[in-house]
Every structure is written in structure tokens, then in C-alpha cells.
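K.L.:
One structure coming up, written as C-alpha cells, with questions to follow.
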Amino acid sequence: MAKAADVVVQCLENEGVEYVFGIPGEENLDLLESLRKSSIRLVLTRHEQSAGFMAATYGRLTGKTGVSLATLGPGATNLVTAGAYAYLGGMPMLMITGQKPIKKSKQGRFQILDVVGMMQPLTKYTHQLASADNIPSRIREAFRLAEEEKPGAVHLELPEDIAAEQTDSLPIPPSLHRRPLAEHKAILAAVERLQAARSPILVIGAGANRKMTAKVLKQLIDQTGIPFVTTQMGKGVVDERHPRFLGNAALSSGDFVHRALEAADLIVNIGHDVIEKPPFFMVRGGTEVIHVNFRSAEVDPVYFPQIEVIGDIANAVWQIGEALGGSTHWDFDRLLAIREANEAQLLEGADDPRFPLYPQRLVADVRQAMPSQGIVALDNGIYKLWFARNYKAHMPNTVLLDNALATMGAGLPSAMAAHLVHPDKPIVAVCGDGGFMMNSQELETAVRLKMNLTVIILRDDGYGMIRWKQSNMGFSDFGLDYGNPDFVQYAQSYGARGHRLESAEGFLPLLQECLGTPGVHVIDCPIDYSENDRILNTELRMRSAQV
């Protein structure tokens, strides 16, 4: 016989769990004691939301379920945003929350919410552990569902009295499983349509961001020469320095990428998820689309593919490549001309000397400072579009960008999780001042854990992306300004090293110094978004229309 909390931890160890991120409460004390005696490392954070973001990013980077921990009531509600982040973003994560005793309780409804019900729309699975004997099966099922395509968030509630019970139940080993393969007739239909096309194009989405899929996609592109576009969450699946890379679908319309998609007569949409902003809009009688994914397409007014290839994506791409061979009649001249125009436009502003820093200079200098394997974790703001368009990802999962929930506050925790997974890689978090301050307290966690990472705070003293939208929609500038602390002193108060940028020319050497010096670094970087509208909207639409 063993205490139920010990069995929970044994089950976590059985699943290969390395870290539990979170903040325990009194309802978690049995579980906390069991963790103390285990091989699992508890990463104590300063906010449950940060713990959830870290667990989700761990899952995103490893493919294994990240685990977060919170108490009941307010601790559980603080996990909701992170749960939605993992659920929409396809990141395997388990949230464990505590609860008051469910068999006998003397505290009425104090702090008690229906947490299982609250988590229902945000998770693939949510369950209250009401019996110690059922713990192994419920935990195995939670991990199975969290990691099954499409990955996502799951939740278990462990009441205080159940955690203290005795049980003789044992962990259930994970089963050997293989994903189903696409049906042969679907492969042939896709191949026949590709062979009949004049100018096909590939669109690579988040679902293709798997190790084997990245490998076979590169083989297919090298073999056939078919040009490709990435969605924001598909960045880096194939090295974006590839001569057939046409660009990233960062904007909704009017970019060079959209001209390329309009010029193609067949789009092969690989691993795209409708949670991202659509990289293209289908119209009746327009360009045909082949949908290649783990799941069938969710049809809506702008997405209704004519052919669906459903099954393991890597195997489907391999089968298509094997059956396709090469094609001599394809004509990519227009697509590659659009690529050249896009490449020329992306180089503009890379050495702009104006200060505060212009976004093009920011992105170019970060790319120059970062090695191919370095990881950039982006918070959410207008700069995300600049990085999506201008920053070429050389490897998968080297640009951690959220184009699903698109929440602010995740940049710093995501960078911290990246450091734990890849302690040998340079890590940079890029945050707007608004997003940074939502979880800035985690600087203490990063310093306490002796992490090596650099945080770039893009300071414009307001919610810049909303201001851009506000201006574009003809509204007056109102309600989006705020004040900021002295970020250098703020960083130093946590034991980090603070740096104040004072010129555009000083940014690259300062960033290189931070990346080469152990510890947590914070760079206060004034940013100028005044030309966002001209460059990302008016001018870009005019120039791309001329290609």
C-alpha cells in the first residue's frame, strides 16, 4: 500500500516527467512532499500563469507533456490563460490543481469553484480524481490525450483527502502506438492533381513542425523544386534560407506572399490549423487546395479543400514524394520573381541608423547575433509581425511564436522553459513593455535558477499594436498610454543585469555581449513604430501589386 500522492508522482515519473512548474497551496501539501522524495524537479514560479506557459513551452519543444501545478480556486483560475494557450497552440500540457476534501469538509464553499467544469472548454480532457485506485488509469489517459495529435492541454483535480488515501494501485506503462497512415487512393489523388498542375506551391503550418516531417518536407522540396510558404507557427520547419522559400504569411493580405499564393494554381496545405489566421482565402472557382494533415479539414466559408490526405503527415509527404518523382512542365518563374522582390524588400532598413530603434534594424541585428540553433521567444505585439516576416528561422522551434491564442505575457516564461530544455543554446526573449510587465516577476525565478538568457524589452510606453489598429480604423489616439519603471533598475532589483540602449549602432554589440556573458540580462530598447502603417500596409500593398 502507498499514499495516493506518492502514486501520482510515480505515475508522473513513469511518463518521463522531468519538471513540475507551479505554486503549491495547502491542498497540495501531500503531493509536494511526494515530489520532494522523487526524481522530478519542482520549478517554483511567481505566478501560476507563468508556470502554465513554461509547461506548455516545454511540451512544444520536447513533444512530451509539460506539467503545471496549482492549488484550488484562485490558483486554478490563474492557469486558465495558459491552458487556452496550450489548447489552441497544440502544446501537450497537464494541469494538476488541488481541491478541498470531497468526502468530508468543514469549510463550506470557501474558495471552491467547479474547476473541472471551468476547464472543460479549454482542454482535451478534465477529470476529478475521486478515488485513489483510479489514479494510474486517469493519469495514463491524460498523458495519452495530451500527446495524441493534435496535442493540447489536459487537467486533473486532486482533492486533499484523496491525495492522503492509501492504495495498492500501480502506474500503467505507456503503450506502443503508431499513427494511422493516409489511405493510398488519397495519396494517388493528390499526386495526380500535382502532376496536372502548372505552378503548385506548398504552405507549411504548425502541424508539420515535427522532426520527421521537417526531414521529409525538405527532401520533397529538394526533389521537386516546389516553392513553399510558412505560416507563423510553421516557421523554421524547413530552413528559411532555402532558395525555394517564398516568405512567411505574417500579414492577413497584400504581402508578396499573397501574390505568390494568388499566382499558384494549386496549394498543398500541410499541417495548417484553422486556429492560425488563414494564410490564404479560398473562393469558389479559385485555386484548388490539397489538405494534408493528421485530421480532416474544418470547413468554413474560406477553407473547403478539394482533396484531403488524412494520416501521419510525415508518411503522407514521403508517399507523395515517392509517387511524384519530378515534373518537367512546372513553371515557377513568376513565383521565384515574387521571391526576389520580397527578398529585396526585406533587406531594406536592416542598417537604419535612426533611434529609437526601427523594427527592421532590430530584427536584422537579432538575426546576426543569434546562431542557427539559438532560440527567440516572442511575446505578443506588433513586433511579432516583423519577426515573422523578416527573421529567417534556420531550424525548427527556434522562433517560439504564438499565432493561436496570441496572448501577452508568455514571452519571458517561454524563454525560461527553452533554457531548461536547451541549457546550451543562446536564448532571447523579445517582449513589448506591456507584455513584459504582465509576468516580469519571473525575472526572480530566472535569476534564482541561474538561467542564461537575454530579455529585450521593446519600449514604446503604450499598447502599440492596438494603437496601430486604432489609427488604421480611423479612431482617435486614446486609452493606450501608460508609464514604465526604469527597466535597468528594475532588472537589477531582481539580481539580473540591466542595460540601457542609447543608439541604433549600439544594439548589436550590446546583444552580443549579453549573449556571451552568463546570467540574466535585460535590455531596455526604445522602439519606433511610427512607420508601421506605411511599411506594413500602404507601401507594401503597392509594391507587391506591381510584381
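The numbers here are math on the coordinates, done by the rules we state, and not lab data. Remember, predicted model here, so these are calculated numbers, not experimental data. In this analysis, Cβ positions are derived from the backbone assuming ideal geometry, glycine residues included, and neighbour counts consider all displayed protein chains.
K.L.:
Around THR398, with a cut-off of 13 angstrom between Cβ atoms, what is the net charge of the other residues, counting Lys and Arg +1 and Asp and Glu -1?
P.N.:
+4
K.L.:
Would you mind calculating the relative contact order of segment 184-341 from Cα pairs under 8 angstrom and at least 6 residues apart, reporting the percent as a whole number?
P.N.:
31
K.L.:
Moving on. Please list, by residue number, everything in segment 218-245 whose backbone N is under 20 Å from a paramagnetic label point 7 Å out along Cα→Cβ of ASP333.
P.N.:
Under 20 Å, as judged by backbone N against the label point of ASP333, lie 225-228, 244-245 of segment 218-245.
K.L.:
Around GLN470, with a cut-off of 15 angstrom between Cβ atoms, what is the net charge of the other residues, counting Lys and Arg +1 and Asp and Glu -1?
P.N.:
-2
K.L.:
Right, here's the next one. Which net charge results for the neighbourhood of LYS218, defined as the other residues with beta-carbon distances under 11 angstrom from its beta-carbon, given Lys and Arg at +1 and Asp and Glu at -1?
P.N.:
Around LYS218, the charge tally is 0.
K.L.:
LYS235: which lysines have alpha carbons under 28 Å from its alpha carbon, excluding same-chain residues fewer than 8 sequence positions away?
P.N.:
Within the straight-line cut-off, LYS235 pairs with LYS64, LYS124, LYS150, LYS211, LYS215, LYS218, LYS277, LYS384, LYS392, LYS425, LYS469.
K.L.:
With contacts defined as alpha carbon pairs under 8 Å and 6 or more residues apart, what's the relative contact order of the chain in percent?
P.N.:
Taking the mean separation of contacting Cα pairs over the length of the chain, I get 13 percent.
K.L.:
Among the GluC sites (Glu not before Pro) within segment 315-391, which fall in a DSSP loop and have no more than 14 other Cβ atoms within 10 Å of their own Cβ?
P.N.:
Qualifying residues, ordered by number: GLU348.
K.L.:
Of the labelled options [x] 29.2; [y] 26.0; [z] 35.0, which one gives mean projected area of the Cα convex hull in nm² as computed for this structure?
P.N.:
Calculated mean projected area of the Cα convex hull in nm²: the matching label is [y].
K.L.:
Report the one residue of HIS422, LEU181, VAL317 whose Cα lies farthest in the direction of the positive end of the charge dipole of the chain (charges on C-beta: Lys and Arg +1, Asp and Glu -1; origin at the Cα centre).
P.N.:
LEU181
K.L.:
Next question, about the same structure. Can you compute the charge dipole magnitude of the chain about its Cα centre, using +1 on each Lys and Arg Cβ and -1 on each Asp and Glu Cβ, nothing else charged? Give it in debye, rounded to the nearest 20.
P.N.:
Using only the charged Cβ atoms, the result is roughly 640 debye.
K.L.:
Let me ask something else. Which order, highest average first, do 505-514, 372-381 follow once you tally other Cβ atoms within 10 Å for each residue and take the mean per peptide?
P.N.:
372-381, 505-514
K.L.:
Suppose R0 equals 35 Å; then what is the FRET efficiency for ASP486 and ARG541 from their Cβ-Cβ distance, rounded to the nearest 0.05?
P.N.:
0.30
K.L.:
Can you give the FRET efficiency for SER39 and ARG179, using 1/(1 + (r/R0)^6), R0 = 30 Å, r = Cβ-Cβ distance, to the nearest 0.05?
P.N.:
0.50
K.L.:
Going toward the positive end of the dipole of the chain, with +1 on Lys and Arg Cβ and -1 on Asp and Glu Cβ, which of GLY25, ALA491, ALA208 do you reach last?
P.N.:
Positive-most Cα among the choices belongs to ALA208.
K.L.:
Taking the alpha-carbon centroid of each part, what is the distance from segment 275-298 to segment 1-73 in angstrom?
P.N.:
So the two Cα centres are separated by 38 Å.
K.L.:
Put +1 on the Cβ of each Lys and Arg and -1 on the Cβ of each Asp and Glu in the chain; which of HIS521, ILE139, LEU385 then has its Cα farthest toward the positive end of the dipole?
P.N.:
ILE139
K.L.:
What distance in nm separates the two pseudo spin-label positions at GLN120 and GLN441, each 7 Å out from Cα along the beta-carbon direction?
P.N.:
3.1
K.L.:
So what is the relative contact order for segment 2-167, in percent, with contacts set as C-alpha pairs under 8 Å and at least six apart?
P.N.:
Result for segment 2-167 is 27 percent.
K.L.:
Calculate how many DSSP beta bridges within segment 348-537 are antiparallel, expressed in % of all such bridges and rounded to the nearest 5.
P.N.:
Of those bridges, close to 5 percent are antiparallel.
K.L.:
In addition: Looking at the chain, send over the antiparallel percent of its DSSP beta bridges, to the nearest 5.
P.N.:
The antiparallel fraction comes to roughly 5 percent.
K.L.:
Show me the trypsin sites (Lys or Arg not before Pro) within segment 438-534 that DSSP assigns to loop and that have at most 16 other Cβ atoms within 10 Å of their Cβ.
P.N.:
LYS450
K.L.:
Give the residue list of trypsin sites (Lys or Arg not before Pro) in segment 15-90 that are DSSP loop and have at most 14 other beta-carbon atoms within 10 angstrom.
P.N.:
Loop-located and lightly packed - LYS37.
K.L.:
Can you list the lysines whose alpha carbon is less than 29 Å from that of LYS104, not counting same-chain residues fewer than 8 positions off?
P.N.:
LYS3, LYS37
K.L.:
Using the Cα centre as the reference, give the magnitude of the dipole from point charges on the C-beta atoms of segment 348-537 (Lys, Arg: +1; Asp, Glu: -1; all else neutral), rounded to the nearest 20 debye.
P.N.:
Approximately 520 debye in magnitude.
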